[in-house]
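S.K.: Please find one structure pasted underneath; my questions will follow.
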There are 2 protein chains.
Amino acid sequence: MSLLVVGTVAFDQIETPFGKSDKILGGAATFIGLASSMLDVRTGLVSVIGGDFPQEHLDLLTDKGIDISGIEKIEEGKTFFWAGRYHNDMNSRDTLATELNVLENFNPVVPAEWKKPEVLMLGNLHPLVQKAVLEQLEERPKLVILDTMNFWMDLTWDELMDVLKNVDVLTINDEEARQMSKEYSLVKASKKIMELGPKTLIIKKGEHGALLFQDKNVFFAPALPLEDVFDPTGAGDTFAGGFSGYLAKTRNYSFDNMKRAIIYGSALASFTVEKFGTDRIAELTEEELNDRLEVFKSLTNFDIELD
Amino acid sequence: MSLLVVGTVAFDQIETPFGKSDKILGGAATFIGLASSMLDVRTGLVSVIGGDFPQEHLDLLTDKGIDISGIEKIEEGKTFFWAGRYHNDMNSRDTLATELNVLENFNPVVPAEWKKPEVLMLGNLHPLVQKAVLEQLEERPKLVILDTMNFWMDLTWDELMDVLKNVDVLTINDEEARQMSKEYSLVKASKKIMELGPKTLIIKKGEHGALLFQDKNVFFAPALPLEDVFDPTGAGDTFAGGFSGYLAKTRNYSFDNMKRAIIYGSALASFTVEKFGTDRIAELTEEELNDRLEVFKSLTNFDIELD
């Protein structure tokens with residue numbers, strides 16, 4: 001049971017109505033790895049950082065049991081940096097700064113002992129980087145999951161379509177699903193997108209939960225209604241980490257098990273938004289996670305006996 | 001097991017991206033009654049219509065077993081009329097016409113045999129009209145449910161707060177919950193609203209489902225993901241009719257039974273949006289409803305065993 005993750009390991013600086021963070025640990029691979037580490041899955045990250053990246057952040061990952069041998073450090077370079085400000089409703093944000101830095105010429109290298117992962121999670125990156133990782137593997141993983149965003153649809157549509165053909169599960173948000181399919185209805189969108197390669201589609205709707213589509217099956221996982229969303233940054237990646245980590249751990253790729261995986265992803269994401277950046281997911285205990293899974297049960301499960 | 005409903009019986013004229021309707025049967029009480037009639041609940045409507053209201057519409061209600069003795073007909077008056085146009089996303093609409101007509105001086109009269117209903121559903125109307133119905137009853141119903149909207153919050157806040165004190169369940173949409181509580185977070189909003197009288201709150205989120213709050217309990221019912229929403233008019237009232245009708249039928253007001261009631265409401269509402277106005281709910285069969293309840297089960301239920 002192993003999960004290979006490619007994605008950013010980065011600095012984030014975040015403003016929300018609740019306050020402003022320093023330059024803190026962020027990045028898709030970071031959140032994905034921290035989430036999957038909660039599920040006792042052997043997790044390896046493939047990423048790139050600059051000489052400015054502090055050892056304590058790497059130690060945090062290592063302490064969680066995450067294999068960072070695939071994180072390349074370019075001493076003379078600077079780490080990818082993103083700064084953003086969330087609006088009062090926490091559902092929209094302005095990007096204040098995006099400094100690609102070492103990400104600009106990222107050539108991912110999969111370590112020798114990571115060439116046969118059970119599950120591959122391709123975090124939101126240039127589709128050619130995602131493809132390069134897939135091509136370095138010695139065996140096709142049992143499951144390949146890809147996350148992407150509108151930026152890559154706008155700039156690298158053909159490359160994205162090419163890599164999508166080799167993907168089992170695509171995760172995108174509702175607006176991106178509409179953009180990709182040119183359909184407003186998410187049901188219609190899902191059908192068109194599943195013709196592009198992925199047999200399974202997850203549409204993330206933020207505070208409105210997530211939809212899982214496969215063939216004619218649909219499953220809906222709500223987001224936990226919260227008193228306050230303190231910082232949404234990383235919620236989608238935490239969700240992806242919980243989903244991919246649970247599947248890598250259980251090695252069961254049935255629709256019913258994907259339902260469980262999506263609930264694990266939702267439960268983990270509900271912690272990430274409680275504090276800035278990785279603060280909450282990094283301190284999370286197994287007991288807290290189990291308690292929250294019970295909350296999700298009572299939030300959605302009902303019994304109706306029909307004749 | 002009986003449900004008394006007060007609300008509009010009206011004409012609607014609707015434009016959607018899919019087409020334009022004639023002046024068709026509409027009104028909150030109409031949809032509520034049609035929904036509850038699917039659950040074999042004795043249902044009585046209190047409303048007012050004009051001399052222009054066709055007998056065939058009344059026959060439709062009577063054929064469904066709905067008691068229309070509380071619908072006053074003012075021969076020289078005209079029936080309440082609403083016209084609206086939905087935008088392409090079907091989530092927002094422009095009101096093209098609102099003609100109150102006989103509704104302007106509506107004095108609801110509860111028929112003698114309807115003064116001890118099991119459940120009372122106060123449809124969206126002036127809070128003084130809602131209060132007048134409550135005051136005519138000889139016994140307090142086991143459950144009083146009230147629906148309202150931003151219009152009454154803007155114009156008749158004090159009267160609304162007064163009637164709310166005697167209500168068990170309030171149903172409003174998410175924007176109205178925020179307006180009523182002055183809180184953006186729906187969890188915070190629910191706490192403030194439940195201090196105004198109703199011990200139970202339902203927040204309707206349209207295509208994003210509905211939340212049920214009571215004490216510290218929360219339950220979430222999704223809306224069914226549909227290929228097309230043909231006409232959303234009446235969906236909220238159908239939902240309220242399913243919810244109130246199910247509770248009147250089962251006479252069980254526990255939180256667990258309210259969960260079932262909200263799923264019945266969601267399932268019924270998912271039919272209403274498939275055609276113009278009442279067309280779909282009026283032709284609905286019990287078998288179709290049961291099939292859709294099964295769909296809701298598979299849409300949300302999952303099993304996770306925790307230690």
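The values are calculated or read from the model by the stated rules, or taken from the named source; none is laboratory data. This structure is a prediction, so every number in the text was calculated from the model and none was measured. When we count neighbours, we look across all protein chains shown, and the Cβ atoms used for this are built from the backbone with ideal geometry, even at glycine.
S.K.: Is it the case that some residue within the stretch A:3-18 is crowded, with 16+ Cβ neighbours inside 10 Å and within 14 Å of chain B (Cβ to nearest Cβ)?
M.R.: Yes: the stretch A:3-18 contains one or more residues that are crowded, with 16+ Cβ neighbours inside 10 Å and within 14 Å of chain B (Cβ to nearest Cβ).
S.K.: Could you list all residues from the stretch B:145-174 that are part of a strand (DSSP E or B) and surrounded by 23 or more Cβ atoms within 10 Å (Cβ to Cβ)?
M.R.: Once the filter is applied, which keeps residues that are part of a strand (DSSP E or B) and surrounded by 23 or more Cβ atoms within 10 Å (Cβ to Cβ), the stretch B:145-174 yields B:Ile145, B:Leu146, B:Asp147, B:Val169, B:Leu170, B:Thr171, B:Ile172.
S.K.: Got at least one residue in the stretch B:175-195 being free of Cβ contacts under 8 Å to residues at least 60 places away in the same chain, closer than 18 Å to B:Ala35 by Cα, buried (at least 23 other Cβ atoms within 10 Å of the Cβ) and within 14 Å of chain A (Cβ to nearest Cβ)?
M.R.: no
S.K.: Follow-up question, since we're still on this one. Taking B:Lys204, is it buried (at least 23 other Cβ atoms within 10 Å of the Cβ), under 26 Å from A:Leu211 (Cα atoms), without any contact (Cβ under 8 Å) to a residue 60 or more places away in the chain and of a type in the set (Lys, Arg)?
M.R.: yes
S.K.: In addition: Residues being closer than 24 Å to B:Asn88 by Cβ and within 12 Å of chain A (Cβ to nearest Cβ): count how many of those fall in the stretch B:226-265.
M.R.: Of the residues in the stretch B:226-265, 5 are closer than 24 Å to B:Asn88 by Cβ and within 12 Å of chain A (Cβ to nearest Cβ).
S.K.: In addition: If you take the residues of the stretch A:213-224 that are crowded, with 18+ Cβ neighbours inside 10 Å and either touching a Phe, Trp or Tyr at 6+ places or on another chain (Cβ under 6 Å) or under 24 Å from A:Met90 (Cβ atoms) (or both), which of them is farthest from the other protein chains (Cβ to nearest Cβ)?
M.R.: From the stretch A:213-224, those crowded, with 18+ Cβ neighbours inside 10 Å are A:213-214, A:218-224; that's our starting set.
After this cut, where a residue has to be either touching a Phe, Trp or Tyr at 6+ places or on another chain (Cβ under 6 Å) or under 24 Å from A:Met90 (Cβ atoms) (or both) as well, the list is A:214, A:220-224.
On the way: A:Gln214: 12, A:Phe220: 4, A:Ala221: 8, A:Pro222: 4, A:Ala223: 9, A:Leu224: 9 Å.
Only one residue tops the list, namely A:Gln214.
S.K.: Take the residues of the stretch A:266-284 that are more than 14 Å from chain B (Cβ to nearest Cβ) and assigned to a loop (DSSP other than H, G, I, E, B): which is surrounded by the most Cβ atoms within 10 Å (Cβ to Cβ)?
M.R.: Ranking the qualifying residues of the stretch A:266-284, first place goes to A:Thr278.
S.K.: Give just the number: which of (1) more than 12 Å from every other protein chain (Cβ to nearest Cβ); (2) more than 13 Å from B:Ala35 (Cβ to Cβ) does B:Asn301 not satisfy?
M.R.: Unmet condition: (1).
S.K.: Shifting gears a bit: Just one of (1) more than 18 Å from the chain's Cα centre (by Cα); (2) within 13 Å of chain B (Cβ to nearest Cβ); (3) modelled with pLDDT of 95 or more trips up A:Ala210, so point out which.
M.R.: (1)
S.K.: Just checking, which of A:Ser190, A:Ser244 is more than 25 Å from A:Ala29 (Cα to Cα) and either of a type in the set (Gly, Ala, Ser) or part of a helix (DSSP H, G or I) (or both)?
M.R.: Step by step, each of A:Ser190, A:Ser244 is checked, and only A:Ser190 is more than 25 Å from A:Ala29 (Cα to Cα) and either of a type in the set (Gly, Ala, Ser) or part of a helix (DSSP H, G or I) (or both).
S.K.: What number of residues within the stretch A:73-94 are surrounded by fewer than 18 Cβ atoms within 10 Å (Cβ to Cβ) and over 19 Å from the mean Cα position of the chain (by Cα)?
M.R.: Within the stretch A:73-94, residues that are surrounded by fewer than 18 Cβ atoms within 10 Å (Cβ to Cβ) and over 19 Å from the mean Cα position of the chain (by Cα) number 10.
S.K.: Output the qualifying pairs, or none if there are none: Cβ atoms under 9 angstrom, residues six or more apart or on different chains, first residue in the stretch B:85-98 and among the hydrophobic types (A, V, I, L, M, F, W, C), second residue in a loop (DSSP other than H, G, I, E, B).
M.R.: B:Met90/A:Tyr184; B:Met90/B:Pro17; B:Met90/B:Asp228; B:Met90/B:Val229; B:Met90/B:Phe230; B:Met90/B:Asp231; B:Met90/B:Pro232; B:Met90/B:Val273
S.K.: For the stretch B:81-130, which residues satisfy the criterion of being among the aromatic types (Phe, Trp, Tyr), farther than 22 Å from B:Met153 by Cβ and not in a helix (DSSP H, G or I)?
M.R.: B:Phe81, B:Tyr86
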